[in-house]
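For reference, the structure discussed in these notes is given below.
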Amino acid sequence: MDRADAVQLDDRDPLRHVRQRFVLPDGMIYLDGNSLGSLPHGVRERLESMVDVEWGHDLIASWNTHGWWDLPATTSAKLAGLVGAGPDTVSMGDSTSVQLFKLLVAAARLRPERSVIVTEPGSFPTNSYIASSVAQLLGLTVRWWDAEHSPDIRTVLDDDVAVVALCHVDYRTGWMHDAAQVTAAIHDAGAITLWDVCHSAGAVDIDLSGWDTDLAVGCTYKYLNAGPGSPAFAYVHPRWHDVLDQPITGWHGHADPFALERDYRPAPGVRRVEAGAVPLLAVAAVEAAVDAFDGVAMADVRAKSLALTDLFIDRASARLEPRGVSIEVPREHRHRGSQGCLRLPDAYGFVQALIRRGVVGDFREPDRARFGFVPLYTRYVDVFDAVEHMVAVLDEGEHVRPENTARAVVT
Ligand SMILES: Cc1ncc(COP(=O)(O)O)c(C=O)c1O
C-alpha cells in the first residue's frame, strides 16, 4: 500500500461526496471526531435563523409557530433512524450523565426485588460514578464486570442483578461488545439492560430495536457532530413506555404540562423521560447536524469505518511498531469501534507534536494516543499521511520536546 493506493480508495469511496457537508480547516487532518465532531454546514444557518427570526423577532410565539415545544421530540425521531430505533422511542435533553442517572434509577425501579447494579470498572468514569451514586441513593450495591479478564457476562449474573449498564464501545481502546448477545444473556437472568452508545452512535450501524435492549443513552457531540455540550439522547423500549418511572419528575415530562397540576403524572411514551426545559438552540444544532447523514446508509458508514481502521492497523504495523509503538485496535471487526489507539511512553508529547503538524488526535492517561476515524469526512489518504507524520515526530524526537510535554487542561 502506498499513498497512491490510498488516493484510489478515496476515489472509489461511496461516501466521498459527504465530506463536503462539513467545515474542515485547510491543512488539518482531524482525527478527534470521537471526542468532538466537525461542524456540519447547515448548523450555522439553522442557529442564525433560530436566533434572528424565531427568538429575535417572533419571541414567545415561537413555542407554537416554530414548533419549539415539539422540537426535542421531532429531532429525536430524526436521530432515531441512525441508531436503529423507532421514531417514538427516543427522547432528547440533558447531558449523557443526567440521562444515565434518570434511566439507571428507572431501571432499578423496574426490578424492585433485586439489589445489584452491574457495570464495568473500565467504563467511562461518568458511568461508574453515576452507578455508584444511584446504588448509594437506592441502597443497592455495584458489582463490577471485568470483561477483559472474564469475557462471559454470565459469571456476574444472578437473581440479585436488577440492571446491567455497559458502554458499547470502550472509550480508550475502541473495543466493542456484541450487544445483541450480551443483551440476551442479561435478559435470560431477568435483568434490565442499559447501553451507553456514545462511542458508536453515528459511526457504527447500531440497532437498538434489534438488540432488544431495554434502555440506552448516547451523546450527540461525537460522531453525530452536533457541537460542544450538545444534548444527549435516551432510548426506551416500547415495552416500558407506560411504566417507566424516572426520578427527575419535571414539568416537561408531565402528561399535561399546561394543566399546571400539583401532582406529577408522567406523559405517555418516551416523553416522560424529559425533565425541564430542553436547551433548544442546542437541539436545533442536532436537528441540522443529523442532515449530514441524508441519503447515507449506516451500512456504508460501518464498512468505511472498518476499512479506515484496517488501513490504520496496516500502516501502523509497518511504520510504527518497529519504532516501539504498540497498536491497541481490536483486530476482529465485530469487536471494533471506529477509533485507533497507540500506546507509547511520552504519548502526551506525541499527541501535542502531531497537533503542531496539523494532525489532531487526543491523549488518554496513562500512555494512550487516541485517533477517531469518522467515515463521513475522514479520507483514506488522511490515515496514510497521519501515520507518516507520526513516524516523523518519533524520528525527529518532537514528542519529547518541552513545548510538547507541558500539560494543558484538556488533553
Ligand atoms: C462513554 C461515555 N459516556 C458518557 C460520557 C459523558 O457524557 P456527558 O458529558 O454528556 O455527560 C462520555 C463523554 O465523553 C463518554 O465517552
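Things to note:
- Looking at Val118, Val164, just one residue is in a strand (DSSP E or B) and within 16 Å of the ligand (Cβ to nearest atom), and that residue is Val164.
- Options Val383, Val325, Val400, Val391; residue that is over 19 Å from the mean Cα position of the chain (by Cα) and either without any contact (Cβ under 8 Å) to a residue 12 or more places away in the chain or surrounded by 23 or more Cβ atoms within 10 Å (Cβ to Cβ) (or both): Val383
- Of all residues assigned to region 171-193, at least one qualifies as being at pLDDT 95 or above, more than 16 Å from the ligand (Cβ to nearest atom), crowded, with 24+ Cβ neighbours inside 10 Å and farther than 21 Å from Gly84 by Cβ.
- Residue that is nearest to Pro112 (Cα to Cα), among those in region 244-269 that are of a type in the set (A, V, I, L, M, F, W, C) and in contact (Cβ under 8 Å) with a residue 60 or more places away in the chain: Leu244
- Subset of region 357-380 (residues that are within 25 Å of Leu24 (Cβ to Cβ) and either surrounded by fewer than 14 Cβ atoms within 10 Å (Cβ to Cβ) or among the β-branched types (Val, Ile, Thr) (or both)): Val359, Val360, Val374, Thr378
- Checklist (1) within 20 Å of Leu320 (Cα to Cα); (2) under 23 Å from the mean Cα position of the chain (by Cα) applied to Leu376, failing item: (1)
- Cβ pairs under 8 Å, 6+ apart, first in region 163-178 and in the same structural domain as His333 (by TED's automatic domain parsing), second surrounded by fewer than 22 Cβ atoms within 10 Å (Cβ to Cβ) and among the small types (Gly, Ala, Ser): none
- Tally of residues being aliphatic (A, V, I, L, M), surrounded by 15 or more Cβ atoms within 10 Å (Cβ to Cβ) and either closer than 14 Å to Ala282 by Cβ or under 19 Å from the mean Cα position of the chain (by Cα) (or both) across region 50-101: 12
- Any chance Pro151 is part of a loop (DSSP other than H, G, I, E, B), away from the ligand (no atom under 16 Å from the Cβ), within 22 Å of Gly276 (Cα to Cα) and assigned by TED's automatic domain parsing to the domain that holds Asp207: no
The values are calculated or read from the model by the stated rules, or taken from the named source; none is laboratory data. These figures come from a predicted structure and were not determined experimentally. Here Cβ is always computed from backbone atoms with ideal geometry, including for glycine, and neighbour counts include all displayed protein chains.
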